[in-house]
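Report on one structure; see the data block that follows.
What follows draws every value from the coordinates through simple rules; no lab data is involved. None of the values given here were measured: they were computed from a predicted structure. Cβ sites come from the backbone with ideal geometry, for glycine too, and all protein chains shown count toward neighbours.
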Amino acid sequence: MMFAQLTARSSLRDIVTCLHGQRSKLYHAGFRGNIARSTLADANEKRSCQIFEDFALHLIGIARPLYASQSLGTDLSQTVYAIDSTTIDLCLSLFEWAPATKGRAGIKLHTQLDLRGNIPAFILITTSRVSDVSFLDNLPLEAGSFYVMDRGYVHFERLLRFTHASAYFVTRAKNKMKYQIAGTISESLSAGVIKDECILLTGQFTHKTYPHVLRRIEFFDETQQRDFVFVTNNFELDAAQVTALYKSRWQVELFFKWIKQHLRIKSFVGNSVNAVKTQIWIAVCTYVLVAIIKKRLQVEASLHSMLQVLSLTLFETTSLLDLLKSIEPEPNDPENLQMGLFEEISGH
C-alpha cells in the first residue's frame, strides 16, 4: 500500500500488476510470497486500521524531535500547533457509511500540525457530519504551547480547557462577539495594530462559560485592505507576534493541499470504513517517513522532488543517500519562512 502511495497506483489490480513487473526484485524488498489482489482486498477489509494508525504515531514520534530546532520565523521557543480540518469527498452510493452533509458525502481529516517541520502531531478521522469544534474535545494539550485556529473553533467552553491546561490559543473573533473593555495592554502599537486590549465576555452564555479576561487585538492588513480581530489568552507576546502566529496557520492549509496533490487520499482502493482509514494512515506514514529521510540524510530537495525520485527507484540497490543527494534543491520562497518541508505549490 505504501508502494501505491509512492508510485501513484490507483487500484489493487494496478498495484499487483506493477509489482509483478518487478518479480525478480520483490524478495530483496521484503516480499516473501505471491501477491494477489484478493489478498490485498481481504487485508484492507479485515486487518485493523489501528495497526497503521499506531505505526503512523510511532513515525511521528521519531520525526518531531528531528525538526524541533527548526525556526518558526519568530523568537518563540514554545511549540506552535495549527488546527484545522479538510473534507475528502466520497460517492454516497459506494460509501454508504459516510452520511451526506449539505449533499456531500465524505470524511474529515482533523489535524493538529506541529509548525516546526509541518509534522502532524495528532489526527482524527471522522465522517463529514462531525463538527470541526468537537475536535478540541479529543486534543491532547501541552502546557506552554500555542494552538492557532480559525474562528470555526471558537467555542468558549472548550477554549476554557486550554486556559486550565496553561496552554495558549490564538483565534479570530466572531463578528457578533459581545464584550466589555477591561483595560489596555499597550499604548505603543506595532505597525498595523489598531487596538490591543483586555476584555471580558458579556454574552448571555459566554460570560459564564469563559469568565476570565481575554486579549483582543484589532489588526489592519494592508495587503488585503481589511481588518482582522484576534482573541487569545496570552498576554505576554507582542501584538505583532500574535498576528504573525495566526498568519502561520496557513501552513496547515498547505499540508492538506500537499497530501491531496501528491498522495493517494482522494480515491480509495476499498469501500469499507477500515479500508479508507487504512489507506489514509498509510499515506500519513509515507509522508512522515519521507520527512524523516529528508532530515536524517540532510536532503535539501523538497518532499515532492524526493517522491518523484523514489517512485522510479524503489527497487534499485543504489543507496538513498546517493539517489537523493543528486537532486538539485528548489529555491526557497523568501516571503514565507514557514514553507518547511513543502516546495512552492503551483497555483497558490
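Working from label points 7 Å from Cα in the Cα-to-Cβ sense, the D322 to R13 distance is 3.8 nm.
What does the helix-only formula give at 222 nm for the chain: each DSSP H stretch with n ≥ 4 adding -39500 (n - 2.57), the total divided by the residues, and the result rounded to the nearest 500 deg cm²/dmol? Each step should come with its number before you reach the end.
Numbers: 11 runs with 118 residues, N = 348.
Mean residue ellipticity at 222 nm (helix-derived): -10000 deg cm²/dmol.
With the crude spin-label approximation of a point 7 Å out along Cα→Cβ, what separation in nm comes out for L92 versus S69? So the label points at L92 and S69 sit 5.3 nm apart.
Compute the length gained on full extension between H207 and Q308: take 0.36 nm times their separation in residues and subtract their Cα-Cα distance, giving the result in nm to one decimal. All intermediate terms of the calculation are to be shown ahead of the outcome.
Numbers: separation 101, 0.36 × 101 = 36.36 nm, distance 5.34 nm.
That pair, H207 and Q308, stretches by 31.0 nm at full extension.
Relative to one another, the C-alpha centroids of the stretch 166-196 and the stretch 96-151 are positioned 26 Å apart.
Count neighbours as other Cβ atoms within 10 Å of each site's Cβ, and list the trypsin sites (Lys or Arg not before Pro) in the stretch 1-83 that are DSSP loop with at most 15 such neighbours. Loop-located and lightly packed - R32, R47.
How much length would be gained if the chain were fully extended between I35 and Q22, taking 0.36 nm per residue of separation minus their Cα-Cα distance, in nm to one decimal?
Values: separation 13, 0.36 × 13 = 4.68 nm, distance 1.15 nm.
So the extension gain works out to 3.5 nm.
Taking amide H positions as modeled 1.01 Å from N, with prolines and chain starts lacking one, the residues under 5 Å from V148 and 5 or more places away or on another chain are Y81, A82, I83, V170. Could you pull out which residues in the stretch 62-78 have an amide N less than 20 Å from a spot 7 Å beyond the Cα of Q241, following the Cα-Cβ vector? Output list for this probe position: 68-78. Across the stretch 151-239, the fraction of Cα-Cα pairs farther apart than 23 Å, rounded to a whole number, is 20%. Here's the list of aspartates and glutamates a cross-link from K325 could span, going by alpha-carbon distance under 13 Å and ignoring same-chain residues fewer than 8 apart: E300. For the stretch 291-306, 3J(HN,Hα) computed residue by residue from phi via the Karplus equation (6.51, -1.76, 1.60; θ = phi - 60°) reads 5, 5, 4, 4, 6, 5, 8, 6, 7, 8, 5, 6, 4, 4, 5, 4 Hz, glycine and proline entered as x.
So which trypsin sites (Lys or Arg not before Pro) in the stretch 95-190 pass both tests, a DSSP loop state and at most 10 other Cβ atoms within 10 Å of the Cβ?
Working: sites: K102, R104, K108, R116, R129, R151, R158, R161, R172, K174, K176, K178; in loops: K102, R116, R129, K174, K176, K178.
Those satisfying the criteria are K102, K176.
Taking 0.36 nm per residue of separation and subtracting the Cα-Cα distance, full extension of the segment from D221 to T184 would add 11.2 nm.
Evaluated with a Cβ-only charge set (Lys, Arg +1; Asp, Glu -1), the chain carries a dipole of roughly 1300 debye about its Cα centre, given to the nearest 20. Spin-label model, N175 to S48: label points 7 Å out along the Cα-to-beta-carbon direction sit 4.7 nm apart.
Using a Gaussian network model on the chain with a 10 Å cutoff between Cα atoms, which of G33, G117, G61 fluctuates the most? Evaluated over the chain, the most mobile residue of the options is G33.
Got a sec? How would F205, F31, F135, F162 order by Cβ neighbour count within 10 Å, fewest to most? Can you show the working numbers first?
Working: F205 10, F31 14, F135 23, F162 20.
The most exposed by this proxy come first: F205, F31, F162, F135.
Each residue of the stretch 166-174 was assigned a 3J(HN,Hα) from its phi angle through the Karplus expression (A = 6.51, B = -1.76, C = 1.60, θ = phi - 60°), giving 6, 9, 10, 10, 10, 8, 8, 6, 6 Hz with x at Gly and Pro.
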